[in-house]
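Take a look at the structure set out below.
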Amino acid sequence: MEFNQKSLERLARLSDEELTNLLAEQIRIKKSNGTLDDIEKIVRVIGPMLNQDQRARLVKIIQSVQNQ
């Protein structure tokens, strides 16, 4: 999955609940096909593109996914 500014802008328009569900689904897919480490790579790639508020939101979403 390739990320660019346009992709990030589209994701930023989603609610936290929508993002949590999307991320949880991606984690389930990656876990079932043995590529779970791709999620970590995605977070590392998009991290530098995010501002402080977006990073805080991402952390909150990841914590929500972990609690599911």
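Quick look at the values:
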read-out	value
Sequence of 60, 6 from largest to smallest accessible area, 1.4 Å probe	6, 60
Charge dipole (debye, nearest 20) of the chain; +1 at Cβ of Lys and Arg, -1 at Cβ of Asp and Glu	80 debye
Cα convex hull volume per residue for the chain (Å³)	80 Å³
Surface accessible to a 1.4 Å probe, per residue, for the residues of the chain, Å²	75 Å²
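The values are calculated or read from the model by the stated rules, or taken from the named source; none is laboratory data. Note that the structure is a prediction, hence the values are computed from the model and not measured. Virtual Cβ from ideal backbone geometry, glycine too; neighbours counted across all protein chains shown. Remember, those area values only see protein heavy atoms, side chains included, never the ligands or the DNA or RNA. Shrake-Rupley method; radii C 1.70, N 1.55, O 1.52, S 1.80 Å.
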